[in-house]
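Colleague: Just dropping this structure here.
The values are calculated or read from the model by the stated rules, or taken from the named source; none is laboratory data. A quick note: this is a predicted structure, and the numbers were derived from the prediction, not measured. Cβ coordinates were reconstructed from backbone atoms using ideal geometry, including for glycine residues, and neighbour counts include every protein chain displayed. Keep in mind that these areas ignore ligands, DNA and RNA; they rest on the heavy atoms of the full protein, side chains included. Shrake-Rupley method; radii C 1.70, N 1.55, O 1.52, S 1.80 Å.
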Amino acid sequence: MSTPTLRTPETVLASAEFDERLPTYFLLQTLFALTIMFFTIPLVPIWFILGRPLHQKQYEALSAVLTNRALKVKSGVLVRVQKSIPLDKITDLVLTEGPILRRLGLCGLTIETAGAGSTTGQAALVGVKDAEAFRDRVLAQRDAIVFGEEGEGRAAMDDGPSGRSKAGAASGAAASVADAAVLTDIRDSLQRIERMMAERRG
């Protein structure tokens with residue numbers, strides 16, 4: 001009878017905080033969309049007044065939590081969306097700044113994942129405070145998962161860039177030894193061929 005595998009319980013490592021100016025960004029984004037669609041222009045003043053409470057709730061519904069295994073994102077008011085993105089699937093977190101975002105001093109984070117041989121955007125987080133620091137925290141935990149938590153992978157994460165350099169140097173040394181062995185075999189084969197040719201000529 002096989003023993004069931006016990007999974008390590010998830011622990012929260014960090015939570016994203018969102019800028020208080022984010023509801024204003026949501027409002028301006030919606031007003032811009034209403035403006036470029038000419039038949040909705042009459043709705044602009046109405047939405048300017050009535051849309052604020054909805055965008056405030058949209059802001060309050062946002063959350064992004066980093067655990068030891070995944071990045072969990074929640075969003076939406078009328079339609080709630082919850083995503084749990086495994087860290088080992090994340091390829092990058094891309095910082096983006098559109099015209100409205102720059103005007104408000106905000107930026108966005110696009111979470112890119114790998115799947116079926118291509119990279120796609122799984123989710124977008126807008127208005128995260130200290131976005132670069134949160135991105136680096138997620139990517140560091142991603143690296144810890146990808147490289148493993150024991151052996152050289154764990155040592156590389158604990159030691160930082162120098163640890164990763166040591167692991168890379170060890171791998172390079174092993175490759176050099178293997179290459180040297182192949183070259184030695186080739187040299188010996190050539191020497192045998194030369195001896196055989198010399199014997200035939202003699």
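Colleague: Give the relative contact order (percent, whole number) for region 61-145; include only Cα pairs under 8 Å separated by 6+ residues.
Modeller: Details: 140 pairs, mean separation 19.6, N = 85.
Across region 61-145, relative contact order equals 23 percent.
Colleague: How much of Lys74 can a 1.4 Å solvent probe reach, expressed as accessible area in Å² and rounded to 10?
Modeller: Here the residue's solvent-accessible area equals roughly 80 Å².
Colleague: Hey, which lysines would be in cross-link range of Lys57, C-alpha to C-alpha under 28 Å, not counting anything within fewer than 8 residues on its own chain?
Modeller: Qualifying lysines at Cα under 28 Å: Lys72, Lys74, Lys83, Lys129.
Colleague: Before anything else, pin down the relative contact order of region 55-100: Cα pairs under 8 Å, at least 6 apart, normalised by residue count, whole percent.
Modeller: Values: 48 pairs, mean separation 11.9, N = 46.
Reported relative contact order: 26 percent.
Colleague: If r is the Cβ-Cβ distance from Thr91 to Arg137 and R0 is 22 Å, what FRET efficiency results, to the nearest 0.05?
Modeller: Numbers: r = 16 Å, r/R0 = 0.74.
Computed FRET efficiency for Thr91 and Arg137 comes out at 0.85.
Colleague: Still on this structure: Tell me the accessible surface of Glu132 in square angstrom (1.4 angstrom probe, heavy atoms of protein chains only), to the nearest ten.
Modeller: 110
Colleague: Using a 1.4 Å probe, how large is the accessible area of Leu54, given in Å² and rounded to the nearest 10?
Modeller: About 60 Å², rounded to the nearest 10.
Colleague: For Leu104 and Thr11, compute 0.36 nm times the residue count separating them, minus their Cα-Cα distance, and round to one decimal in nm.
Modeller: Here the answer is 30.1 nm.
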